[in-house]
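First the structure, in the form of structure tokens, and then the observations on it.
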Amino acid sequence: VRWILSIWGCFAACAAIATDSLKVELRIMHHGQLLDLHAPVEGLPYALHFESILIYVGGLHAAPNQNDTAYYLLGVSPNWQKNHFVSPLQVNEGDTVYVNWGVDSLTQVSGAMRGDLDPQIGMYWAWQSGYISAKLEGRYVAANGLEKPFTFHLGGYQNPCCSARSRYLVGSNQTITIEWNMDPWLSNYDLRAKDHLMQPGSAATQMFVDIIPASH
Amino acid sequence: MSVKHIFLVGALGCAFSWWRLPQIEVPTYFPPTVFALPTEAIDFQRAELGRALFYDPILSLDSTISCASCHSPYHAFAHVDHALSHGIGDSIGTRNAPALFNLAWAKSLMWDGAINHLDMQSVAPITHADEMGETMTHVVQKLKRSTIYQEALSTCWPNEEWETFHVLRALSLFQATLISQSTRYDQMRKGQVTFTAMEEKGYTVFQTQCNQCHREPLFTTGELSNNGLPMDSNLRDEGAFARLQTPGSKGLFKIPSLRNWAFTKPYMHDGRFERMADVLNHYRRGTYNHWSSNTHMTAPLPISDQESVELMAFLKTLNDSAFVFDPSHHFPKIFFQQAKERTK
């Protein structure tokens, strides 16, 4: 009886440590601060403000054999606002969680989807048959002084340009906070040279891979 | 168990022995499907809902165009006599509306193979400015406002609200039920008829010259290929290149099935040929010094005049009148009659 009670106690203790669910939060950053979509981006040689910053994240898995195959659309646009999601994964302090940035190739060919993968959200390449991994849209002041839109639909869904990338995150007390730093894209990419990229393929995939948050 | 119970069980047994699920019978010589065919009663109900949507102009922005506008059931769901597809506001597309059948076997859809799943195919024509010009959001809103569609949804997906998912799934299930398998060729394969001597000779020519791309029994491999045609100088359609951006993808178009060809003229991705004889002439004598870098079809097919006649005799065995005139695919009169009565 003592043995049984000890084993049961161990299980109970483990269950108590494991969290019931995992909250994953995305913070879009610029110059070390939360990016304000309602204000112009500062520190650039030209005026710019974002209207949409959206990215798919999902396909979570963690040891042992825990999988959450759902995908979540995080970010802000005129029709969408979501900065976190709750996954049913049970994660202990310090556990490694793997996530996909962009929708994986299997989900891309799995037919009609609901929720955050509903094509009506506008993250679907209708005539290309695949999900846009990330969207960056807004307006900027071009070299001629006129305000122009910029549109970047990033990613690819078909080999050799499958954009989904797995990164790991470390679980911490039921919450993982991911900081998505927009500084590299804003400082390295000159919109005045080219202000749109809307074709899935190598260029859109490379830009996506360059800007997604790193493992941490 | 009382006598009453025994009678009850007997009566139920009798009822079940007479009641059968609608079934899709697929010939044994057909390959495995890519898209799962409906098997459950609920799937057939959903396919019926898809049939109603298919014929309903509610899917287009100004409620003038339905899927059936360009995919007529009496022409194997192609747009007979129209080289290019039509859309709202008299707009004209850049490609010929393809015939719709045996889509459950299609590895990809559209002339450039851009669509990877039958479920998702409908998004493209519904949202294209030169076709139905709608948004999925607005389509869902319209369906939510319709009493008849609300009732239909509650039958097909109980306790759910209209979403894009339901539109796409219903349409794909309906399209998956469009199966052409009753041609004279099929009857020959099933041992019900024997080919005439001319048909038999044409079958041999077909197997030697055409079967590599138009592989039986579906009469397509479902792959993309160079069709050897020069590019239309107005349409400037580069085929799969627009999507793949690889040198080898220039001029690649999906190989269409040869089934039901007599119902689906004009032919090729831009509907440039009015007669099947023109298509045959192209492959027999066409210019193959092609702008596509794909090496397939770089020389005319060695088919003599006599063989051409024999081939035509065989090709005529590929038309499926039973499929084309099957009322179960046609306009769902009862559904729309009910809708009309409701609005009175």
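Can you tell me which residues in segment A:133-166 are surrounded by fewer than 23 Cβ atoms within 10 Å (Cβ to Cβ), under 18 Å from residue A:196 (Cα atoms) and within 12 Å of chain B (Cβ to nearest Cβ)? Of everything in segment A:133-166, nothing turns out to be surrounded by fewer than 23 Cβ atoms within 10 Å (Cβ to Cβ), under 18 Å from residue A:196 (Cα atoms) and within 12 Å of chain B (Cβ to nearest Cβ). How many residues, within segment A:44-84, are within 19 Å of residue A:147 (Cβ to Cβ), outside any strand (DSSP E or B) and either in contact (Cβ under 8 Å) with a residue 12 or more places away in the chain or in contact with an Asp or Glu (Cβ under 6 Å, 6 or more places away or on another chain) (or both)? Looking only at that region, the number is 4. Among the residues of segment B:224-238, is any within 14 Å of chain A (Cβ to nearest Cβ), touching a residue at least 24 places away in the same chain (Cβ under 8 Å), more than 21 Å from residue B:79 (Cβ to Cβ) and more than 16 Å from the chain's Cα centre (by Cα)? Yes, there is a match, as at least one residue in segment B:224-238 is within 14 Å of chain A (Cβ to nearest Cβ), touching a residue at least 24 places away in the same chain (Cβ under 8 Å), more than 21 Å from residue B:79 (Cβ to Cβ) and more than 16 Å from the chain's Cα centre (by Cα). Going by the structure shown, is residue B:234 farther than 30 Å from residue A:160 by Cβ and modelled with pLDDT under 95? Yes: the conditions hold for residue B:234.
When residue B:179 is tested against (1) assigned to a helix (DSSP H, G or I); (2) more than 11 Å from chain A (Cβ to nearest Cβ); (3) under 21 Å from residue B:31 (Cα atoms), just one condition goes unmet, and that condition is (1).
Given the condition surrounded by 16 or more Cβ atoms within 10 Å (Cβ to Cβ) and within 14 Å of chain A (Cβ to nearest Cβ), answer yes or no: does some residue in segment B:184-206 qualify? No; the residues of segment B:184-206 include none that is surrounded by 16 or more Cβ atoms within 10 Å (Cβ to Cβ) and within 14 Å of chain A (Cβ to nearest Cβ).
Considering only residues in segment A:83-132 that are within 9 Å of chain B (Cβ to nearest Cβ) and among the β-branched types (Val, Ile, Thr), the one that is surrounded by the most Cβ atoms within 10 Å (Cβ to Cβ) turns out to be A:121.
Which ranges mark the helices (runs of 4 or more DSSP H) fully within segment B:80-149 that have 2 or more residues being within 12 Å of another protein chain (Cβ to nearest Cβ) and over 22 Å from residue B:218 (Cβ atoms)?
On the way: elements: B:118-121, B:123-127, B:136-145.
The qualifying helices (runs of 4 or more DSSP H) are B:123-127, B:136-145.
Checked against the criterion of being modelled with pLDDT of 90 or more, closer than 21 Å to residue A:51 by Cα and within 14 Å of chain B (Cβ to nearest Cβ), the candidates A:186, A:197 yield just one match: A:197.
Here is a yes/no grid of residues against (1) of a type outside the set (Lys, Arg); (2) buried (at least 22 other Cβ atoms within 10 Å of the Cβ):
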residue: B:141; (1), (2): yes, no
residue: B:148; (1), (2): yes, no
residue: B:161; (1), (2): yes, no
residue: B:166; (1), (2): yes, yes
residue: B:169; (1), (2): no, yes
residue: B:174; (1), (2): yes, yes
residue: B:181; (1), (2): yes, yes
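Select from segment B:79-103 the residues that are closer than 23 Å to residue B:38 by Cβ and small (Gly, Ala, Ser) and list them in ascending order. Break it down into steps so the answer makes sense when it comes.
First pass over segment B:79-103, keeping only residues closer than 23 Å to residue B:38 by Cβ: B:98-103.
If the condition is that a residue be closer than 23 Å to residue B:38 by Cβ and small (Gly, Ala, Ser), then B:99 is the only one that fits.
The values are calculated or read from the model by the stated rules, or taken from the named source; none is laboratory data. Worth saying up front: this structure is predicted, and the values here are computed from it rather than measured. Cβ sites come from the backbone with ideal geometry, for glycine too, and all protein chains shown count toward neighbours.
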